[in-house]
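This report concerns only the one structure given below.
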Amino acid sequence: MPAPRPSPYACHIFVCVNDRQGARKSCADGGSPAVKQRLKAAVAARGWQGRVRVSQCGCMGLCAEGPNIILYPQKTWFSGVVPDDLEDILAAVEQALDEAGAP
């Protein structure tokens with residue numbers, strides 16, 4: 001069994017990019033792949049690489065409320081995300097970095 005270890009990131013941003021191809025509502029219907037790319041660019045612009053990771057994930061189970069983003073280990077969930085929400089999400093990430101004492 002692999003040895004568990006703490007995350008190397010002070011904050012890990014998961015963006016659901018699940019795409020059901022129109023069969024049912026999914027996070028991709030709300031433009032989540034573009035949101036993920038904008039978050040990645042914002043993290044890079046703020047110099048947070050190595051402390052913050054932006055990853056895509058599949059369904060989180062709430063696509064009807066999507067796009068969904070969750071921050072870990074903070075367990076902070078954002079639903080119905082639109083591009084105008086990114087500054088609020090980035091403010092939550094910055095607060096998480098401050099609380100983690102990340103350099």
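The values are calculated or read from the model by the stated rules, or taken from the named source; none is laboratory data. All values reported here derive from a predicted model rather than from experimental measurement. FYI the Cβ positions are ideal-geometry reconstructions off the backbone, even for glycines, and counts take in every protein chain you see. Areas reflect the complete protein model, heavy atoms only, side chains present, ligands, DNA and RNA absent. Shrake-Rupley method; radii C 1.70, N 1.55, O 1.52, S 1.80 Å.
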Expected unfolding gain across residue 100-residue 34 under the 0.36 nm per residue rule, minus the alpha-carbon gap, is 21.0 nm
From the coordinates shown, Cα extents along the principal axes in Å corresponds to which of (1) 46, 31, 29; (2) 43, 40, 18; (3) 33, 27, 23
(2)
Given a 1.4 Å probe, how much area per residue of the chain is accessible, in Å²?
58
If R0 = 35 Å, then residue 91 and residue 57, at their Cβ-Cβ distance, give a FRET efficiency to the nearest 0.05 of 0.95
Placing each pseudo-label 7 Å from Cα in the direction of the beta carbon, residue 41 and residue 65 end up separated by a distance in nanometres of 2.9
Using a probe of 1.4 angstrom, how much of the accessible area of the chain is carbon and sulfur, in percent?
52
Among 78, 56, 41, pick out the residue whose Cα is farthest towards the positive end of the charge dipole of the stretch 17-103, where Lys and Arg carry +1 and Asp and Glu carry -1 on C-beta, about the Cα centre.
56
Using a Förster distance of 41 angstrom, determine the FRET efficiency expected from the C-beta separation of residue 49 and residue 1, and round it to 0.05.
0.85
Part-to-part distance (alpha-carbon centres) for the stretch 2-36 and the stretch 43-98, which is given in Å:
9
Note, residue 70: beta-carbon cut-off 13 Å, +1 each Lys/Arg, -1 each Asp/Glu, net +2
Using only Cα atoms, find the angle between the long axis of helix 86-100 and the longest principal axis of the chain, and express it within 0 to 90 degrees, rounded to the nearest 10.
30
Quick one: angle between helix 32-45 and the longest Cα principal axis of the chain, in degrees between 0 and 90, rounded to 10, please.
20
Among the Cys residues of the chain, which have no other cysteine Cβ under 4.7 angstrom away?
11, 57, 59, 63
